[in-house]
Amino acid sequence: MEPLRIVLYSHDSLGLGHVRRNLALAHSLTTHLPALIGREVTGVLISGTAVAPGFAVPAGWDWVLLPGVDKGPAGYKPRNLALTMTELVSLRAAVLSGVLAGFRPDLIVVDRHATGIHGELESALREARSAGPVRIVLGLREILDSPVPAMAEWARLGGPGVIKGIFDAIWIYGDPSIHDPVAAGEIPFSLRRLIQFTGYLAEGRPTGSATTCMRGPYCLTTVGGGSDGHQLALIAAATPLPPGLGHLIVTGPQMPAKQVLDIRHRANPGTKVLTTVDDVIHHMRHAAAVISMGGYNSVCEIMSTDVPALIVPRTLARAEQRIRAHSLARAGFVDVHEISSLTPDILHDWLLRRAGTAIDRSGIRLDGLSCLPRLAAALFDPALERINLRPAKKMKAEVGNVAI
């Protein structure tokens with residue numbers, strides 16, 4: 001039987017969140033879906049970030065890179081090409097239509113932006129729908145934004161009717177007991193019948209070499225891709241360390257070189273500054289404490305450990321990171337502090353109190369990567385929706401510190 005063909009799309013303008021989330025999906029679907037449907041998997045990861053091919057893909061997968069976009073004060077703009085935004089969207093739309101028409105996927109999962117940048121994906125999705133049997137899913141992180149801008153974005157798409165006309169399902173990568181975006185007013189209530197909560201995409205993420213670059217106990221500061229993490233990394237670098245504790249700061253591959261040099265220049269003794277590490281999850285699991293921004297992937301990786309974490313959310317653009325940090329803090333799973341009032345002394349005090357302790361995170365659904373193959377299989381055979389790849393976690397409520 002022919003392999004099941006899958007396309008995972010992400011628009012990718014800032015950071016690495018979208019591409020990393022789709023990579024986690026690709027690994028999970030490749031590992032678990034064949035046993036459920038009796039077919040191997042092959043797929044295409046569509047991305048708009050030039051660093052995407054640096055990430056390892058599962059066997060049977062390949063990349064398609066779209067001409068890049070950046071975000072400017074007036075919105076999206078071409079990253080490199082000397083084109084108008086209208087011309088760039090037309091070019092990206094043509095690439096998308098060509099890939100979907102040529103690859104003829106059985107399953108398409110669209111990450112976050114339902115019709116892509118300025119609607120670049122809509123025609124390709126509708127053409128794929130009319131060309132033959134295909135299942136199309138919208139994958140959403142558990143938090144979109146505060147309600148007013150979130151609903152405005154749905155309105156710009158044309159409203160719920162457009163979504164219902166294109167998509168078979170909406171997968172929300174979270175736990176509604178922590179945050180329910182429908183109840184919070186971030187997703188139109190009329191779309192609720194399409195929605196399936198998967199749990200956070202935390203447990204079962206692919207790891208690297210399972211080695212650490214640190215000797216002895218250490219804390220870890222990570223700022224995701226790094227494009228907007230300079231301020232937090234700088235505060236972390238200037239933080240006095242408790243006795244016997246080292247410090248690893250991972251700036252991310254997208255932090256400008258001048259900023260990385262600035263952090264290295266100001267770093268306290270005992271602090272190592274790297275742009276990337278081979279296995280960030282392994283470094284998290286063996287850290288005494290983690291300081292991080294509030295991006296979805298970083299938080300998922302933290303939640304898969306029992307290591308104490310201080311989340312310092314991004315404050316510009318969307319309210320997503322702040323909502324995520326405070327939702328998890330109310331449940332007792334992390335601490336949170338705003339960047340505007342964070343100082344090296346405050347961070348030092350937090351490390352003194354938290355480093356080396358353990359956090360019980362068993363009261364949250366972290367098994368989204370095990371749930372997704374079952375949901376994907378059920379799109380082709382609804383009877384398979386009842387199959388669990390492993391027992392569901394027992395839910396419990398916890399209360400903890402919201403802020404330090």
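The values are calculated or read from the model by the stated rules, or taken from the named source; none is laboratory data. Computed from a prediction, not measured in an experiment: that's the story for all the values here. Cβ sites come from the backbone with ideal geometry, for glycine too, and all protein chains shown count toward neighbours. Only protein heavy atoms, including side chains, enter the accessible area calculation; ligands, DNA and RNA are left aside. Shrake-Rupley method; radii C 1.70, N 1.55, O 1.52, S 1.80 Å.
Structural remarks
- Candidate aspartates and glutamates - alpha carbon under 14 Å from Lys258, same-chain residues fewer than 8 apart omitted: Asp228
- Of the GluC sites (Glu not before Pro) found in segment 255-348, those that fall in a DSSP loop while having at most 15 other beta-carbon atoms within 10 Å are Glu338.
- Residue-normalised accessible area of the chain, expressed per residue, 1.4 Å probe, Å²: 41 Å²
- Zone of Asp62's modelled label, taken as backbone nitrogen in segment 1-18 under 20 Å from a point 7 Å along Cα→Cβ: 2-10
- Nearest-0.05 FRET efficiency for Ser90 and Asp381, computed from C-beta distance (R0 35 Å): 0.35
- Per-residue packing, averaged as other Cβ atoms within 10 Å, sorts the ranges 349-360, 179-190, 364-375 into the order 364-375, 179-190, 349-360, beginning with the highest.
- For the chain, a Gaussian network of Cα nodes joined below 10 Å ranks Ala289, Ala325, Ala377 by mean-square fluctuation, and the top entry is Ala377.
- Rg and Dmax [Cα atoms of the chain; Å; Rg one decimal, Dmax integer]: 21.0, 65
- The chain - percent of accessible surface contributed by carbon and sulfur, probe 1.4 Å: 56 percent
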